[in-house]
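Everything below concerns the one structure shown next.
Every read-out reported here was derived from the displayed coordinates using simple, explicitly stated rules and does not represent laboratory data. This one's a predicted model, so the numbers in the text were calculated from it and none came from an experiment. Note: ideal-geometry Cβ built from the backbone for every residue, glycine included; neighbour counts use all protein chains shown.
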Amino acid sequence: MSDTPTTPEPQPEAQPQPQPQPQPSTSTPPPAPEPAESAVAAAAAATTPKPRSALALWSMIAGIVAMVGAIIPGLSFVAWIPALAAIVLGIIALVKKTPRRGQALTGVILGPVAWLVAIIVSIGFIAGIGSRVDDVAADAPEIVDEEPAPSEAAPEPEPEPEVVEPAPDVVYSGSGDTILQIELPAGPDSIGIATMTHSGRANFAVWSLDANLEQTDLLVNEIGSYSGTVPFNQTTGEQITAFEITADGPWTVTLRDVLSVREAPQGASTTGQGDDVLVYRGDATVADISHTGSSNFAVWSFGDRSDLLVNEIGTYSGQVRWQAGAALIQVSADGAWTIALQ
């Protein structure tokens with residue numbers, strides 16, 4: 001084995017490989033985009049908002065407007081409009097799940113808060129105005145109308161007159177001379193009205209008697225048959241308790257309440273036959289009075305004063321003065337008569 005080093009054999013040099021030549025392409029390359037058109041398209045894409053995100057934004061804006069209006073007196077009365085808009089828009093934005101949920105929540109929260117604040121501010125504003133009005137009214141001088149015009153105040157309706165029914169009649173009957181104890185229908189102190197009849201040929205007379213059986217008034221004094229109405233207890237002031245009757249035949253006495261007496265109206269004529277009683281309620285006027293008969297004809301008026309208006313024998317026709325106010329009219333006659341009040 002030899003220790004002589006071995007010399008390496010030289011390697012042949014690598015020959016460069018030939019590079020393939022690029023073949024010309026037969027397809028046409030796409031045209032390069034114009035720089036200006038690309039910039040405009042990119043800007044338009046960047047600035048166009050998503051339609052759904054606008055609801056959230058408007059909800060927040062409406063809530064802010066409502067809140068500002070709620071704290072301003074006067075505007076608080078209409079702050080509920082943007083508050084309601086904020087609530088509605090915010091709810092719609094949340095339901096549609098828009099990207100800007102924070103703005104939608106802000107609108108939903110600000111809407112009710114603004115509404116509540118608007119109510120409080122409005123109440124305080126109204127209370128303040130009322131207080132100012134009261135202060136001005138208290139400080140203003142009192143105006144007193146000494147004589148207000150009649151047209152300024154409507155007349156109060158007159159109360160309807162109370163209707164009082166007359167007391168029931170009290171009827172007595174008998175024959176011949178009699179002391180008749182009586183009771184007046186409306187009480188012992190009331191005016192009495194007596195309608196009497198008699199069937200006979202001799203004198204028929206009736207006296208009114210007081211509590212001591214003393215004669216006060218000669219109510220009837222006729223010969224033979226009689227039928228008529230007379231008043232009593234209208235002037236004496238004494239209580240009439242009995243009648244003294246002188247008769248030769250049967251008789252009747254009907255005591256009536258003065259409220260049942262017929263009325264002689266003003267502007268109309270009232271007729272009758274024989275003795276009768278009327279009631280007048282009216283103004284002072286002129287009365288045309290006539291009578292057809294052969295005996296005494298008299299007309300009395302019992303009102304504020306007692307007046308003998310007519311006192312004649314037989315037939316009568318004339319005019320007399322008639323006093324105003326309520327009055328009881330007594331007619332004494334033996335024939336037909338007429339009283340025409342103008």
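Figures for the structure shown
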item	result
Under 12 Å, Cβ to Cβ, from Asn203 - net charge with Lys/Arg +1 and Asp/Glu -1	-2
Projected-area mean, the stretch 51-131, by convex hull of Cα positions, square nanometres	4.3
Dipole magnitude of the stretch 150-306, debye to nearest 20 (Cβ charges: Lys/Arg +1, Asp/Glu -1, about Cα centre)	700
Förster-model FRET efficiency, 30 Å R0, Thr254 and Glu160, C-beta, rounded to 0.05	0.45
Under the Karplus curve 6.51 cos²θ - 1.76 cosθ + 1.60, θ = phi - 60°, whole-Hz ³J(HN,Hα) for the stretch 213-226, x wherever Gly or Pro sits	6, 8, 5, 10, 9, 8, 7, 9, 8, 9, 9, x, 6, 8
Interchain or long-range residues, amide H under 5 Å from Val220's placed H	Val206
Formal net charge of residues neighbouring Asp257 (Cβ-Cβ distance under 10 Å; K, R +1; D, E -1)	-1
For Thr270, distant residues with modelled amide H under 5 Å away	Ile339, Ala340, Leu341
Whole-Hz ³J(HN,Hα) from phi, Karplus 6.51 cos²θ - 1.76 cosθ + 1.60, for the stretch 254-261, glycine and proline x	10, 8, 10, 6, 4, 5, 8, 6
5 angstrom amide H check on Ser175, placed H, neighbours 5+ away	Trp251
Overall form of the stretch 219-342 per C-alpha gyration tensor (a/c, 1.5; a/b vs b/c)	oblate
